[in-house]
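**Q** What follows is a single structure, and I will ask about it in a moment.
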Amino acid sequence: MNPADRDLLAGAAAPPERADAARNRSKILAAAAELFAHRDPRTVTMDDIAKAAGVGRGTLYRRFPTVAAVALPLLDEHERVIQERLLRGDPPLGPGAPPGERLAAFYAAMVELLDGHAHLALGAEIGSARFDTGAYQFWRMHIRTLLRESGVPEPDSLIEPLLAPLAAEVYLNQRARGLDNAAIVAGLRRLAFAVTTPENR
């Protein structure tokens, strides 16, 4: 049996989510979203989420082992929109534009995401958890591709430095220091072109 057939059978064999489990999941995510929106997500505990959702601790832990695991699916739905636009959207965010333009457009899209959902990023990306998410790996691959297209030597050494400005803590600190989104995007645009322009190397 080939791998594709095994995957198909595994998917077919997976039992559908019970109605009560689906309701509990929705209640948990809705309660967590409310908590994250009105408090520093780094102070939210699993007990807080269970109480706000009106579910038992066991119910919560069976579905979500950590606070970050609760925040991640809330953030994921917004990140998937950007991923789709990177793959199949119009340039410059989507394919077809020069690497510098695409990197600048990626920065602008991520700043827009952080403007509306930095609280979810704070909850989902606690400590090193940021580096383990599927979205982060997607961003890494995208930036690596753009650097390689630009002919940047040793592109892997620049991926993390180029993603670092998109950490929620960095964005919120910049806003707290008086920078608006336009200024943040303008700075990141200069960074994008500085890195991808051959004469700067």
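The values are calculated or read from the model by the stated rules, or taken from the named source; none is laboratory data. The structure presented is a predicted model; accordingly, all values stated were derived computationally and were not measured. Because the Cβ atoms are built from the backbone with ideal geometry, glycine has one as well, and the counts that use them run over all protein chains shown.
**Q** Does Ala105 count as out of contact with any Phe, Trp or Tyr (no Cβ under 7 Å at 6 or more places or on another chain) and touching a residue at least 24 places away in the same chain (Cβ under 8 Å)?
**A** On the way: out of contact with any Phe, Trp or Tyr (no Cβ under 7 Å at 6 or more places or on another chain): yes; touching a residue at least 24 places away in the same chain (Cβ under 8 Å): no.
Against the criterion (out of contact with any Phe, Trp or Tyr (no Cβ under 7 Å at 6 or more places or on another chain) and touching a residue at least 24 places away in the same chain (Cβ under 8 Å)), Ala105 does not qualify.
**Q** So, in the range 53-90, how many residues would count as being of a type in the set (A, V, I, L, M, F, W, C), under 18 Å from Gln137 (Cα atoms) and modelled with pLDDT of 90 or more?
**A** Summing the residues that are of a type in the set (A, V, I, L, M, F, W, C), under 18 Å from Gln137 (Cα atoms) and modelled with pLDDT of 90 or more in the range 53-90 gives 4.
**Q** Just for helices (runs of 4 or more DSSP H) wholly inside the range 133-201: which have at least 2 residues that are in contact with a Leu (Cβ under 7 Å, 6 or more places away or on another chain) and of a type outside the set (S, T, N, Q)?
**A** So the answer is 134-149, 168-176, 181-196.
**Q** Six or more apart or on different chains, Cβ under 6 Å: which pairs go from a residue in the range 82-99 that's touching a residue at least 60 places away in the same chain (Cβ under 8 Å) to one that's assigned to a helix (DSSP H, G or I)? Could you list them?
**A** Partner pairs satisfying both residue conditions: Pro99/Leu146; Pro99/Glu149; Pro99/Thr196.
**Q** Of everything in the range 95-113, what is assigned to a loop (DSSP other than H, G, I, E, B) and either outside the structural domain of Glu84 (by TED's automatic domain parsing) or more than 15 Å from Arg190 (Cα to Cα) (or both)? Give them in sequence order.
**A** Of everything in the range 95-113, those that are assigned to a loop (DSSP other than H, G, I, E, B) and either outside the structural domain of Glu84 (by TED's automatic domain parsing) or more than 15 Å from Arg190 (Cα to Cα) (or both) turn out to be Pro95, Gly96, Ala97.
**Q** Please verify whether Ile143 is of a type outside the set (D, E, K, R), in contact with a Lys or Arg (Cβ under 6 Å, 6 or more places away or on another chain), under 26 Å from Ala194 (Cα atoms) and at pLDDT 95 or above, treating the condition exactly as stated.
**A** No, not satisfied.
**Q** Mind listing whichever residues of the range 130-148 are free of Cβ contacts under 8 Å to residues at least 12 places away in the same chain and either touching a Cys at 6+ places or on another chain (Cβ under 9 Å) or polar (S, T, N, Q) (or both)?
**A** Gln137, Thr145
**Q** Another one. Considering only residues that are in contact (Cβ under 8 Å) with a residue 60 or more places away in the chain and surrounded by 16 or more Cβ atoms within 10 Å (Cβ to Cβ), look in the range 149-188 and name the one that is nearest to Ala118 (Cα to Cα).
**A** Restricting to residues being in contact (Cβ under 8 Å) with a residue 60 or more places away in the chain and surrounded by 16 or more Cβ atoms within 10 Å (Cβ to Cβ), the top hit is Tyr171.
**Q** Are any of the residues in the range 60-68 farther than 30 Å from Phe193 by Cα, under 15 Å from the mean Cα position of the chain (by Cα) and buried (at least 18 other Cβ atoms within 10 Å of the Cβ)?
**A** Quick first cut of the range 60-68, residues farther than 30 Å from Phe193 by Cα only: 60-68.
Pick out the ones that are also under 15 Å from the mean Cα position of the chain (by Cα) and you get 68.
From the residues that got through so far, the ones that are buried (at least 18 other Cβ atoms within 10 Å of the Cβ) too are 68.
Yes, the range 60-68 contains at least one residue that is farther than 30 Å from Phe193 by Cα, under 15 Å from the mean Cα position of the chain (by Cα) and buried (at least 18 other Cβ atoms within 10 Å of the Cβ).
**Q** Across the range 150-184, which residue is modelled with the lowest pLDDT among those that are within 14 Å of Val111 (Cβ to Cβ) and β-branched (Val, Ile, Thr)?
**A** The extreme case among them is Val170.
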